[in-house]
Amino acid sequence: MSSIDAFIAARDLLLRHRDDYERAYREFRWPKLDRFNWALDWFDRLARGNAQRALWIVGEDGSETHLTYQELSSRSSRVANHLRRLGVKRGDRVLVMLPNVTAIWEVLLACAKLGAVVIPATTQLTPDDVNDRFARGGAGHVVTDAAGVDKVAGAPPHVTRVVVGEPHAGWHTYEDAYDAPAAFAPDGETRATDPLLLYFTSGTTAKPKLVLHTHESYPVGHLSTMYWIGLREGDVHLNVSSPGWAKHAWSSFFAPFNAGATVLVHHYARFHADRSIDVLRRCGVAALCAPPTVWRMLLLGDLGERPAALRECVGAGEPLNPEVIERVREAWGITIRDGFGQTESTAQIGNSPGQHVKLGSMGRPLPGYRVVLLDHEGREAREGEVSLALDPPPTGLMAGYVDDPERTAQVTAGGYYRTGDEASRDDDGYYHYVGRGDDVFKSSDYRISPFELESVLMEHASVAEAAVVPSPDALRLSVPKAFIVLRPEFAPTASNAREILDFVRGRVAPYKRIRRLEFAELPKTISGKIRRVQLRAQERERREAGTRGETEFWVEDFASER
């Protein structure tokens, strides 16, 4: 059986048994692939003569952009030819920093056809973040828009610069691609194990980890995500996620295109619940994927009647609160189904269609994944670190951390990939999320590295020591809070607090901003290490009691002064 035939057979099995978890899990096997290029072998094949909408972008001003499968296939081939004549070759790394515009989908398909490697980047990155992508990611080319031009000013002079939209001196114009030939011929075969995506993901150190995915690990691996969401051919699927993050590739690219669905994007500067609900109704959305923060925002207003076409609702990115599930079920008669995965993988665990949903559970292992819980001694347990059996490795798992082979070896030692997340398993085989094994935490749908923020804080003249922990928040799940020890010559005043908050604000992306700050001594172990676990527990107790420290300040305290 050829690689493409094996892929189609695996896909069709999951679509055929989308409501029968036991059978799908029992019968599914990852397809065995040799030479495989998803964009050429699957997407272009699916797109041939296909007038169904592949991409549908609804703008904040009510404008709409539509591209059929055939149009998107043709445009991506033109972009591939354009990038090739600009010097992009197989194996080259291309930094893509764009908002939700058609170029994102065109460029990713184009780079896949070329055999180039995409480094997705959020538009919220600072110039220092961007420079790090070039230094450690080895990007030789960049595609961005006018808003990103200044952020790329520090890139090496040899980098090929392509701007979408407004022309800029010294930059190639992206739109020239539409005059390139529509027929694309690859320069050779693509191996399934060739690199395709390189993600920068937050970790416990100041520098993000570099996660490498291949032409099979994400395109084919996201068959599990397609199954979890419950997508069908012809569905209109809306995923609420910002470009540059893995979840965007999960549910705004690979999973829906694997199913033959329509990707709907609501492009806005600021989220408004009423506008998003209007889009659900007006565009006939059948499947909605949104992080719990968005679900909580939707519940701040009136959900109204259930959108007529809405069939599937899922949540991912952070634990889903049971009360949110209950309130949506009461209003719309639909149960939000939770799921679990990482940038390093596709969806591993989830509540798929047809399963009984236990409130507070992230579900059961998805087809293709064998999940175990390991205790601190590496033994299987009822509660422990979520781990994936590697005999054989699941297709949806990363190739590794390209900048840290020692870490790759560490997380895959002993025949298991260790996720770093803790969970428990009940008698019915459902998994319940416990927490992150290290200090990384989620704020809204974003991962926050305390060490990174502490490093920024230490640059301020008044800060002697700092520790950052999550502070529970009703809307965002948690927000970054800094505990600060001041240098002797500084006082714990409101003006100093505001100065430090503004200092950090100007040096990190918006989603990383510290929103609460307290001047206090830091609890430490006998060896001098900061006991963040104690600070986290203290913060939970205070939020439950509705109290603050005597020298605690919140961003909201200074709102009238901004």
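Observations
- Candidates F253, F271 - the one that is touching a residue at least 12 places away in the same chain (Cβ under 8 Å), surrounded by fewer than 24 Cβ atoms within 10 Å (Cβ to Cβ), more than 23 Å from M398 (Cα to Cα) and not acidic (D, E): F271
- Boolean, R531 is free of Cβ contacts under 8 Å to residues at least 12 places away in the same chain and touching a Pro at 6+ places or on another chain (Cβ under 8 Å): yes
- The range 231-250: number of residues that are surrounded by fewer than 24 Cβ atoms within 10 Å (Cβ to Cβ) and within 17 Å of L13 (Cβ to Cβ): 2
- Residues that are over 32 Å from the mean Cα position of the chain (by Cα) and either more than 17 Å from V485 (Cβ to Cβ) or open to solvent by less than 20 Å² (accessible area, probe 1.4 Å) (or both) within the range 523-545 comprise I526, S527, A545, listed in sequence order.
- Taking first residues from the range 52-79 that are under 15 Å from L108 (Cβ atoms) and without any contact (Cβ under 8 Å) to a residue 24 or more places away in the chain and partners that are hydroxyl-bearing (S, T, Y) and assigned to a strand (DSSP E or B), no Cβ contact under 6 Å between residues at least 6 apart in sequence or on separate chains turns up.
- Every pair of residues 6+ apart whose Cβ atoms lie under 7 Å, when the first sits in the range 380-398 and is in contact (Cβ under 8 Å) with a residue 60 or more places away in the chain while the second is open to solvent by 20 Å² or more (accessible area, probe 1.4 Å): P394/W30; P394/G368; T395/W30; T395/E216; T395/G368; G396/G368; M398/L212
- Counting only strands (runs of 3 or more DSSP E) that sit completely within the range 168-282, those holding 3 or more residues that are at pLDDT 95 or above, under 21 Å from the mean Cα position of the chain (by Cα) and more than 21 Å from I336 (Cβ to Cβ) correspond to 195-201, 209-214.
- Residue match in the range 17-33 (condition: under 30 Å from V101 (Cβ atoms), aliphatic (A, V, I, L, M) and in contact (Cβ under 8 Å) with a residue 12 or more places away in the chain): no
- Meets criteria (without any contact (Cβ under 8 Å) to a residue 24 or more places away in the chain and of a type in the set (G, A, S)) for A153: no
- Options E175, E189, E166: the member that is charged (D, E, K, R), open to solvent by less than 70 Å² (accessible area, probe 1.4 Å) and in contact with a strand residue (DSSP E or B) (Cβ under 8 Å, 6 or more places away or on another chain): E175
The values are calculated or read from the model by the stated rules, or taken from the named source; none is laboratory data. Bear in mind the structure is a predicted one, so any value in this text is a computation, not a measurement. Ideal geometry is used to build each Cβ from the backbone, glycine not excepted, and the neighbour counts take in all protein chains shown. Surface areas here come from the heavy atoms of the whole protein model, side chains and all, with no ligands, DNA or RNA. Shrake-Rupley method; radii C 1.70, N 1.55, O 1.52, S 1.80 Å.
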